[in-house]
Amino acid sequence: MKYTETYRTPVNKNYSSCYECYAILLIYPADIHPDEITKLLDQKPTLCLVFGDEFTNVRGMIRKVKCSIWELSSNDFMESRDIRDHIDWLLDKIEPRSKELKELQENPDLTMCIYCTWRAKRGYGGPVLWPSQMKRMSDLNLECSFDAYFFTED
């Protein structure tokens with residue numbers, strides 16, 4: 001992405017007010033098996049849970065999946081603390097399959113969004129999106145939400 005001089009905040013992988021961030025394409029596939037989404041998008045998910053399957057949670061308890069989930073996360077693939085890098089990474093992965101993504105969106109019971117987590121540290125400034133990311137998400141008919149956490153490093 002080319003930096004435009006009129007923008008106030010250039011991309012910076014060491015974004016000073018961010019401790020950690022990542023972006024996820026999150027799909028709740030309703031009656032579609034998550035494996036079908038993997039095939040349609042030609043993309044291996046970073047997490048795939050199938051309704052009714054059993055899993056062991058972080059406390060060691062066995063639970064049943066109550067709702068299927070397919071997700072692709074930048075968390076283990078990007079070192080940057082600039083959410084724009086994470087969103088661009090994610091969009092680069094799914095844009096080539098925009099037709100298939102729109103086919104999935106035709107299912108009225110399926111929901112999807114880009115879900116961003118942004119953890120702040122001391123300092124001024126929060127996450128920034130450029131019009132180019134917003135346009136790319138709009139072209140894919142994707143909502144973008146943020147979970148923001150504010151804490152000190154102490």
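Read-outs: derived from the displayed coordinates by stated rules, not from any lab. As the structure is a prediction and not an experimental result, all values here were calculated from the model. Cβ atoms come from the backbone with ideal geometry, glycine included; neighbour counts cover every protein chain shown.
Restricting the GluC sites (Glu not before Pro) of region 68-154 to loop positions (DSSP other than H, G, I, E, B) with no more than 15 neighbouring Cβ atoms within 10 Å leaves GLU79, GLU106, GLU143, GLU153. A straight chain from SER145 to ASP92 at 0.36 nm per residue would run longer than the Cα-Cα distance by 17.2 nm.
Across GLY60, GLY52, GLY126, mean-square fluctuation computed from a Gaussian network of the chain (C-alpha pairs under 10 Å connected) peaks at GLY60.
How much FRET efficiency would the formula 1/(1 + (r/R0)^6) give for VAL58 and SER138, where r is the Cβ-Cβ distance and R0 is 30 Å, rounded to 0.05?
Working: r = 36 Å, r/R0 = 1.19.
Efficiency at R0 = 30 Å is approximately 0.25.
Calculated mean residue ellipticity, 222 nm, the chain: -7000 deg cm²/dmol, from DSSP H runs (n ≥ 4) at -39500 (n - 2.57) each, averaged per residue and rounded to 500.
Which of the three applies to the chain, rounded, prolate or oblate, going by the alpha-carbon gyration tensor with a ≥ b ≥ c and a/c under 1.5 meaning rounded? Taking the square roots of the gyration eigenvalues as a ≥ b ≥ c, the chain is oblate. For the pair SER17 and VAL128 in one chain, pulling the backbone fully straight at 0.36 nm per residue adds 38.8 nm over the alpha carbon distance. Below 19 Å, Cα to Cα, which lysines can LYS13 reach? Residues fewer than 8 away in the same chain don't count. Those lysines meeting the cut-off are LYS2, LYS121.
Taking R0 as 22 Å, what FRET efficiency do you get between GLU5 and LYS121 from their Cβ-Cβ distance, rounded to the nearest 0.05? Write out the running numbers ahead of the final one.
Numbers: r = 28 Å, r/R0 = 1.28.
Step by step, r from the Cβ atoms, then E = 0.20.
Straight-distance candidates among the lysines for linking to LYS39, with alpha-carbon spacing under 27 Å and chain neighbours fewer than 8 residues away dropped: LYS64, LYS66, LYS93, LYS99, LYS102, LYS135.
Based on the alpha-carbon set only, what is the convex hull volume of region 1-41 divided per residue, in Å³? Working shown, then result.
Details: hull volume 6.4 nm³, N = 41.
Output value, Cα hull per residue: 156 Å³.
For the options ILE87, ILE37, ILE62, a Gaussian network treatment of the chain with springs between C-alpha atoms closer than 10 Å singles out ILE62 as fluctuating the most.
Nearest 5 is fine: what % of DSSP beta bridges in region 18-150 come out antiparallel, could you say? Write out the running numbers ahead of the final one.
Numbers: 20 of 27 bridges.
Taking every DSSP beta bridge with both residues in region 18-150, the antiparallel ones total about 75 percent.
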